[in-house]
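The values are calculated or read from the model by the stated rules, or taken from the named source; none is laboratory data. Keep in mind it's a predicted model, so treat the numbers as computed, not measured. For neighbour counting, all protein chains shown are included, and Cβ atoms are generated from backbone atoms with ideal geometry for every residue, glycine included.
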Amino acid sequence: MANHKSALKRIRRNEAVRVRNKYQHKTMRNALKKLRSTEDKKEAQTMFPTVVSMIDRLAKRNIIHANKAANLKSKLTKQIAAL
């Protein structure tokens, strides 16, 4: 159990941040899944910038690793080009 007021605040803050990060990560994964399952090239191209910005935002905030973000964007670009 925490002995200091600041430690108790930190525990609350960590939980709030964890929940927010989890939500954003899950939202990104759902967007990726939706984009990958799209068969229409035009629709995929319109969805692509929003998904990429989502990935970049998560990488900037260290929710996902920068290299993972780069790999995801590269694979998505290849897949959309192949449609």
List, please: which pairs have Cβ atoms under 7 Å, are six or more places apart or on different chains, and start with a residue in region 54-75 that is more than 21 Å from residue 34 (Cβ to Cβ) and end with one that is at pLDDT below 95 and part of a helix (DSSP H, G or I)?
none
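Taking region 27-39 as the region of interest, how many residues are exposed (fewer than 15 other Cβ atoms within 10 Å of the Cβ) and either in contact (Cβ under 8 Å) with a residue 12 or more places away in the chain or basic (Lys, Arg) (or both)?
Narrowing region 27-39 to residues exposed (fewer than 15 other Cβ atoms within 10 Å of the Cβ): 27, 29-30, 33-34, 36-37, 39.
Of the ones still in play, those that are also either in contact (Cβ under 8 Å) with a residue 12 or more places away in the chain or basic (Lys, Arg) (or both) are 27, 29, 33-34, 36, 39.
Qualifying residue count for the region: 6.
Per-residue answers, yes or no, for (1) β-branched (Val, Ile, Thr); (2) surrounded by 15 or more Cβ atoms within 10 Å (Cβ to Cβ); (3) in a helix (DSSP H, G or I):
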residue	(1), (2), (3)
23	no, no, yes
43	no, no, yes
53	no, no, yes
59	no, yes, yes
63	yes, yes, no
Filtering region 52-83 down to residues that are within 18 Å of residue 20 (Cα to Cα) and of a type in the set (A, V, I, L, M) yields 54, 55, 58, 59, 63, 64
